[in-house]
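The values are calculated or read from the model by the stated rules, or taken from the named source; none is laboratory data. Note that the structure is a prediction, hence the values are computed from the model and not measured. When we count neighbours, we look across all protein chains shown, and the Cβ atoms used for this are built from the backbone with ideal geometry, even at glycine. SASA here: full protein model, heavy atoms, side chains in, ligands and nucleic acids out. Shrake-Rupley method; radii C 1.70, N 1.55, O 1.52, S 1.80 Å.
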Amino acid sequence: MKFVELETERLRLRACRADDFDDVFALYSDKENMKYTRNIITNADKMREALARWVSGTGADPCYDFEWIIELKATGEFIGHALVMDFSWQKDISPDLSFTEGHCETGIFILPQHQRRGYGREFKRTVLDFMFESLGCREHVSQCDERNIVSQRVIEGVGMKFEYTWDIPKAVDGVATGETEHRRVYSMSRADWEAARSPMQSTNKLSRVPFSRRGSWLSLALGADGGLELRRSLKSYGEKREKVLRITLPEPFEDAEFSAGALAVGGAKFCFDGADAVRFRGGVTFEPSADFLVADGYICESDYPAEPSVRTFDECAAENERDFEDWYAKYPPVAARFEPTKRLCAYMIWACQVFPRGRVTEPMFLYSKPDDTACFSWHQAYHAMALRDAETAVQTLCSMFSVQDEFGELPDLLDDRYININATKPPVHGLAALKILARFGDRLTRAHCEKMYGGLAKLYEFWTTRDGGDIPSYHHGCESGFDFTRMLAKGVPAQCPDILAFCILLADALAEIAERLGIQNDWREKSARLLEFLVTELWNGEQFVARNLHTGETAETDELEPFTPLILGRRLPPEIRETLVSRLERDYASPYGLQTAPDSGIIIGFSQAFLLPALFDCGYAELGTALLRGYVEYEAEHTPAFLFAFRGELGFDGFSSLSALSAAEWLNCAALLREVADET
């Protein structure tokens, strides 16, 4: 087959040439970089022989011997070598293994300075398409040393499945060393490839998201038995129960696609008539429930009775569609390939906004529906950051100020009946306010600034004065957002680097708002005081630590929280920025974003939403772009989740599905990726 050059978003895969010798020899003779490969080449003559084969034999047979030099498209710089070959070459080493014609293997080797940039996964995706579409391969095979965790992540990240392990002799310059490598073999069939490349659909499905609408506390969702239920989950500390109305439909069903306007399922049809009533058509019956009133063609909660409007069913459905499209327009553009995911996320957020009821006196966002229906204070800040409508962004940021107590503390969560004031979360509101100020500029009115100022000022005073001084601390692990954080290992109150960083940005935001309002203030001085304390008292020369306020004992942790001060950008001293980013890249970076700890394999969305943008503020745009791309792409291929594990078992099913919070986190990152990668 004639040789084919390939291109990815950032890479060019071209034919090998004789003048590539210096580059490929430097790659293959680096024993540390190639320690997980079968054959290290340290002999120059052996390297020339191999390069000559690559130059002359490229593309000689289908599914065999495609050898590429990998270059950066932007600069033409050499970064590595890649290949496609027939997996049957392994017969010479392990004759007991079974092989089928049409099994193709890929390999990629990248210079160390260009690793952890997402290039491996980018190559894999493009070459998978090439092998199945152009070469006619029936199955793709990849293998790697069982110690090579990074390669395992890349292989698993493109959807390949682990098959078996086998042993292979290691060689240097073609001579066996007597060592044996234990290798993991993965495969992907043509059917798996076709399924994996199907784009995420913009139509909503009951198996993924509930049917609801903006303002409503109700939702239609699948029950545990697969049937349809109208649900109102009540999540409050001290009591948790669900209002459930079980619905019997005229026809059996397994799943249903729906728009924001109406749900057609099992021979029946449903739509919302405003926020408090659900209209229905068809031969529907209901299991009696004291929690709901069912009348002729409509349903409402018994303790919140609602009369149906004079509009027809179709008019109600059309109004819901218009309302969603108006809401969707409040979000920034993303790259075209992420548009379906953007619509899904915008729908989930739209469906999770609730209107005032009981203790909820402002429009707010629930964590999710149909379960976990409570409004968390810090979630509102993430939602505010994602919006591109000034009025809605400011209202969302300030929504919890209506339930702020006399000391300035915000509740952890509330619903229409309960407020939980314990275990409040860190004041990310300052970070959100700074983004709002920068994004909307002169479009922010004096009324907007006044609305933000009072609540933010009280919030700052709460965090910095509750211990009798001016330095914030945590009194409970849940206050950090990482509920079981080891930063509090030496006891509480604990002065921690993340709460210091958030309060510094809160003071910065208050300074800018005060200046816009013409208020004399000392917020800049307060911010500088906290920054001085952070870098002189909590930096030990290698990392930020937490300190017990009373004993002075310090606690170190390899969790992600001590990296939070990166949100301060260039206000951090250069040597601290460099040390933190170096460790972050070496120990926490993955093809899918930043891990919670080295090799944890777990990604948490809210950390990506503030730490990945921080890398750009610190001057590390290339690393930031690579991590952003990995996180945004992985979540788009699966479902944006609060957290996910890219290997192993996570065990937190309730957090690994789509929620309003995870949707906002993804939208923030996807919009930034479009800006920094200049991708439309």
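On a straight-distance basis, which lysines could pair with Lys243 in a cross-link, Cα separation under 30 angstrom, same-chain partners fewer than 8 positions away excluded?
Lys205, Lys235, Lys269, Lys369, Lys425
Starting from the Cα of Leu72, move 7 Å in the Cα-to-Cβ direction to define the label point; list residues of the range 113-156 whose amide nitrogen is under 15 Å from there.
113-120
Suppose each label sits 7 Å from its Cα in the direction of the beta carbon; what would the Glu242-Asp314 distance come out to in nanometres?
Taking the two extended label points, one gets 3.5 nm.
Order these peptides, 563-570, 492-499, 39-46, by their mean beta-carbon neighbour count within 10 angstrom, highest first.
Going from most to least packed, we get 492-499, 563-570, 39-46.
Rounded, prolate or oblate: which one fits the chain, using the alpha carbon gyration tensor with axes a ≥ b ≥ c (rounded when a/c is under 1.5, else prolate when a/b beats b/c, else oblate)?
oblate
From Cα pairs below 8 angstrom and at least 6 apart in sequence, can you work out the relative contact order of the chain, rounded to a whole percent?
Normalised by residue count, the contact order of the chain is 9 percent.
Could you name the lysines in cross-link range of Lys31, using Cα to Cα under 30 Å and dropping any fewer than eight places away on the same chain?
Lys46, Lys73, Lys91, Lys124, Lys161, Lys170
Which FRET efficiency value, to the nearest 0.05, is calculated for Ala390 and Phe286 with the Förster distance at 41 angstrom and r the Cβ-Cβ distance?
Taking R0 as 41 Å, the efficiency between Ala390 and Phe286 is 0.40.
Taking just the C-alpha trace of the range 445-524, give me its Rg and Dmax in Å.
Both quantities, over Cα of the range 445-524: 14.5, 46 Å.
If we sort 530-538, 295-303 on the protection proxy, mean other Cβ atoms within 10 Å, highest first, what's the order?
The peptides rank, most packed first, as 530-538, 295-303.
With every protein chain in place, what's the accessible area of Arg38 (1.4 Å probe, Å², nearest 10)?
Accessible surface of Arg38 is approximately 80 Å².
Tally up the carbon and sulfur contribution to the accessible surface of the chain as a whole percent, 1.4 Å probe, everything protein left in place.
Accessible surface attributable to carbon and sulfur in the chain totals 48 percent.
Cα centroids of the range 379-408 and the range 306-369: how far apart, whole angstrom?
17 Å
When the Cα centres of the range 28-58 and the range 113-180 are compared, how far apart do they sit, in Å?
Cα centroid to Cα centroid, the span is 17 Å.
Cut-off under 20 Å on the C-alpha distance; same-chain residues fewer than 8 positions from Lys330 excluded. Which lysines are left, in chain and number order?
Lys342, Lys435
Return the FRET efficiency for the residue pair Arg190, Glu307: r is the Cβ-Cβ distance, R0 is 51 Å, and the value is rounded to the nearest 0.05.
0.35
Can you give me the solvent accessible area of Thr248 with a 1.4 Å probe, rounded to the nearest 10 Å²?
80 Å²
With every protein chain left in place, what is the accessible area per residue of the chain in square angstrom, probe 1.4 Å?
Computed with neighbouring chains in place, this is 40 Å² per residue.
With every protein chain left in place, what is the accessible area of Glu9 in Å² (1.4 Å probe, nearest 10)?
80 Å²
If R₀ is 56 angstrom, what is the calculated FRET efficiency for the pair Ala44 and Arg486, using the beta carbon separation as r and rounding to 0.05?
Calculated transfer efficiency: 0.65.
At 7 Å along the Cα-to-beta-carbon direction for both Asp678 and Asp22, put a label point, then send me their distance in nm to one decimal.
2.9 nm
Once you put a point 7 Å from the Cα of Ser56 and another 7 Å from the Cα of Glu5, both along the Cβ direction, what distance in nm separates them?
About 2.4 nm separates the two model spin labels.
Working with all protein chains in place, sort Tyr453, Tyr119 by solvent-accessible area computed with a 1.4 Å probe, largest first.
The most accessible residue leads, giving Tyr453, Tyr119.
Filter the chain for me: DSSP H helices, axial length by Cα at least 24 angstrom, mean Kyte-Doolittle hydropathy not below 0.5. List them by residue number.
What comes out of the filter, once short or polar helices are dropped, is 497-517, 660-677.
If you put +1 on each Lys and Arg Cβ and -1 on each Asp and Glu Cβ, how big is the dipole of the chain around its Cα centre, in Debye rounded to 20?
660 debye
Just subtract the alpha-carbon distance of Ala597 and Glu163 from 0.36 nm times their residue separation and send over the number in nm, one decimal.
Roughly 153.5 nm would be gained on extension.
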